[in-house]
Structure formats: structure tokens, C-alpha cells
Amino acid sequence: MVMNRSSTTPYSVVSEFEGTLLKNKDSFSYFMLLAFDSSGLIRFTFLLFLCPVIKLLDVFGYNDVSLKLMIFIATVGLSEGEIEAVARTVLPKFYMDDVSMDTWTVFSSCKKRVVVTRMPRVMVERFAKEYLKADKVIGTELIVNTFGYVTGFIRETDIDQSTLKRVAELFIDRRPHLGLGRASVTASTTFLSLCEIRAPVPEKIVNYHNQQLELQPVIFHDGRLVKRPTPATALLILLWIPFGIVLAPIRILAGSVLPLWIRSYALRILGCQVIVKGKPPQPRGPGNSGVLFVCNHRTLMDPVVISTVLGRSVMAVVYSLSRFCNLFSPIPIVRIQRIRDVDAKTIKLELSKGDLVICPEGTTCRQPFLLRFSALFSELTDMIVPVAVNCRVGFFHANTVRGWRCMDMIFFLMNPRPGYEVTFLNKLPMEDTCLSGKRSPYDVANHVQKILADTLGFECTSLTRKDKYKVLTGKDGTVSYVSFQDQAKKIIKTYNPFSYWIKC
């Protein structure tokens, strides 16, 4: 039924999320991501084993039952904050990889944008509002008990009818102008029945109204899984994990114990590949200041790989590093405190002793972007050699913000064939350094960032470590240096097992 324009909200759109804004209509893999990153391997495995039951329910038309089963297994016992954290840090990257650009072209051209999803609203809302610029997200609502934990149940009995009612309440005076949804869900019982124009195939109405908004990339994201865990991919990951658990310690020992001259050959036999481009500089003679290797930051293995390629021990400048990684590090490490004068003095002292590797980004970035470079390194020496590094992982990411960072090295080496590509660029000419008096420290830092980005095919940004941690944790990423004993006291004070009985 087509109504007069006066009875509809001009240029408003209501779009289904699964199968419309996203190309894939199956939400199973997103619940698998939630299960893995919120609870670990046990919940992930249990949900995968129930996949045949879930698919069978869908085949026989029990879509609501299969969805409620997925929601229950993936969320029961989790805190609401944990689900929100996964929705903020992990899911957006996988959603963005699956966005249908045809649907986005139409959706973004409308003034009022509403997203409808069958998944829990909390799993979609952050992405839809921040990246898709949705004004409202309508989804299922999780039931949370008085202690703040999810029961695994949802408030809706009939999901389609509940969605229909809530969309109608949102457009009380005027009906939505455009409805985007799959052809299989265009029955009169869905929200599409409220829309003046129903468009199951968005390609037919491209260039619909105004110029579409720009789809912003997901620069920062967390979580360990590299690929979206479809049933086949998830099964492959589970089958590989036992082999990875055995292989990772062997690779760590080979990289820590063996001499540098044989280390690269041993790691190659164990499945680790390192591709070297460019000509590494020769070590400087005694009495000369060392070379400062300036590289972008992909994983904590960056300095180790550079040292292995050079065939000599090169000290790494780090800000924060877990005790486990520090214990097994095959190269010496110097810590900085982000106090400019103190750090400058520390780095100068170590440069007088030998070569250094420094990552001016201050934190890792997984996507093809370079964060803003700190200008401190450019003030300390004129012996600056830019090094472009990129890593290859198959199943697991080698860095995390919310997870256990002590496992970063293990997860990297658990991949079937972890790899690195290291490109040594020419030493900066004297006129391009601060010591020439022609360039400021910030000009030199930006120049090095630019040539590294061009070499890697990445994009330069002005984002910093603080921006990353603000997105992923809501904090600024500052590390406080306290002893192990003080940390233990803090944990006991925070999670006092006798606090409940004392209050009683």
C-alpha cells in the first residue's frame, strides 16, 4: 500500500541488519565471537557443537527458537558490561567487513535512520550508531538479574511482532518512508508492512535521495580471532589449537636459546617465515654511537624479528611489557616511563652503548594505518634508519588490550605459519634530521611516518595511544609501575572474599 507523502516521514529508512545492511544473514558467527572473547574456549566449543541443532531448527522454521538458543548459550552468566565491551571492541571490525555497500548507499542517504536486528540490541547498537550513523537501534532485549548478570533469556516472546510494535511506536504520527529487508521477511507481520516503499533489493534504488555519508573505517579493535568463526572456520581453529599449544613453546625455546646465526634457520623449519627487503646497515665501530632503528609497531615481536634479521643483539625500547614476555625475551630491553627528559636521557645512554629499536607509535595497530609518531626519537641522534614491518597471522592476533597480554607471544606463535616482512630503508640524510637545524622534531617524525606508510601501503593518521585505549577501554592507557606485592594487595582489597559476610 502506498500512502501520500504527507502521511509518511520524508526520507526516513528502517533497515534490517542481518542479510541487508550486512551481506550475511546468519548471525551464528557473531555469537561465536561473543562466546570466545567473553568466556574463552569452553563456551565457544559448546556453541559450535550445538550448531547442527541450530541449523536444523532453522530448516524446520523454528527461527525464534534457534535464535533464543544461541543467545542463551552465548550470554548466560555474563555481566552486561562484558557483553558491551565485546560489542565495542571486537564485533565492529567483523561487522564492517560484511557491510553491503549497496544497502549502505541507500541507508546513509536518508535523514532518519533506524536499524532493526534480531540479535540482542547491545551487540549491535554501538556499531550501528557510531559507524552506520543510525539514530535508533531496535533489537531483542536481554534479561539481567539484580546482580548485573545476564540470565540468557530475552524479553520478547514473538520477535517479529515485538519489532513491528516498537517500530510503529517510533513512527507514531507518520509511517517510515523506506523499508529495507530481505525478500523472505516481507510478510505483513514484519516491520516492512509499516513502510511506504519496501525494497528487498537495494541496488534498484541507488542514488535515492541525498549524498550518502562516508563510511568510517574501524581502526582500533580487539579480540584474538583473526577470521570470522563460521562453523567451518571455528571447527578448523578447534582442531588446530592442540597442535598450536605444542608448537608455540618449541618455537619460543628455539627463538630464546639458539644462537642468533642459526635461529632464523630453525624458525623457518618450524614454520615461521621472515621476508627481508632492503640492505640492513652494518654495525658501527667501537667508540661510535649506535644506530636507531625506527619501525612501526605491529606486535611485540617487532624488535625480536629485527634483531634476528640483523644477526646481532639489538636492545628494544619498550613502554609496557608483561613479566612473562620480559622473562623469555631473547634481546635486552630498556623501559621508558613517558617522562620526556628522563626517557631522552635513558635512550641517549643506551645509544652510546649500541644499536636500539624503537616504535614511536607507542602501541600496536592491527589495521593498515600508522598512528602518530612521537617526536622524541628525532631529537636524540642523526643515525636514524626507518624499518617497515608487517606481520602475517592465520588464526590468532598477537596483541590485545582487554585480554592477557602475557599470552601475546604464545598466540602469535600458535598460528600455523606466522610470518614477518621487514623492509630496511635508507638512513635519513643529515639534512632530514633535527641535528641539521633545518627541520623540527615533529617534521622529522612526520616524515618518517610518511615514508614507512608509503612503503607498507598504509595510511597515516594523527591518532595516538590514548585514542586507542579510549576507544577500547575508556581509559588513556597509562601504565602505573607498582611492585608485584602492591598489585596482589590491590587485587585482594578489590575482590575481598569475606566482604559479603562482613557486611552481613
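The values are calculated or read from the model by the stated rules, or taken from the named source; none is laboratory data. Computed from a predicted model, the values in this text were never measured in an experiment. Here the Cβ is made from the backbone with ideal geometry for all residues, glycine too, and neighbour counts use every protein chain on show. Protein only, heavy atoms only, side chains kept; ligands, DNA and RNA dropped before computing areas. Shrake-Rupley method; radii C 1.70, N 1.55, O 1.52, S 1.80 Å.
Observations on the model:
- Checking each residue in segment 284-297 for being closer than 12 Å to Val387 by Cα and charged (D, E, K, R) picks out no residue at all.
- Considering segment 150-169, the residues that are buried (at least 17 other Cβ atoms within 10 Å of the Cβ) and more than 18 Å from Val115 (Cα to Cα) include one that is farthest from the chain's Cα centre (by Cα), namely Ile154.
- When Phe377, Phe411 are screened for being aromatic (Phe, Trp, Tyr), open to solvent by less than 20 Å² (accessible area, probe 1.4 Å) and either assigned to a helix (DSSP H, G or I) or under 30 Å from Asp222 (Cβ atoms) (or both), only Phe377 passes.
- Filter pass, Asp476 being modelled with pLDDT of 95 or more and either open to solvent by 50 Å² or more (accessible area, probe 1.4 Å) or of a type in the set (A, V, I, L, M, F, W, C) (or both): no
- Any hit, segment 230-244, residues being modelled with pLDDT under 85, of a type outside the set (S, T, N, Q), part of a helix (DSSP H, G or I) and surrounded by 12 or more Cβ atoms within 10 Å (Cβ to Cβ): no
- Taking the criterion of being modelled with pLDDT under 90 and buried (at least 22 other Cβ atoms within 10 Å of the Cβ), the only residue of segment 277-300 that qualifies is Leu300.
- Subset of segment 192-228 (residues that are surrounded by 15 or more Cβ atoms within 10 Å (Cβ to Cβ), closer than 30 Å to Gln161 by Cα and either modelled with pLDDT of 90 or more or charged (D, E, K, R) (or both)): Glu196, Arg198
- When segment 334-362 is filtered for residues that are surrounded by 14 or more Cβ atoms within 10 Å (Cβ to Cβ) and under 27 Å from the mean Cα position of the chain (by Cα), the ones remaining, listed by number, are Arg335, Ile336, Arg338, Val357, Ile358, Cys359, Pro360, Glu361, Gly362.
- Within the set Lys93, Lys55, Lys25, the sole residue that is of a type outside the set (S, T, N, Q) and either open to solvent by less than 20 Å² (accessible area, probe 1.4 Å) or in a loop (DSSP other than H, G, I, E, B) (or both) turns out to be Lys25.
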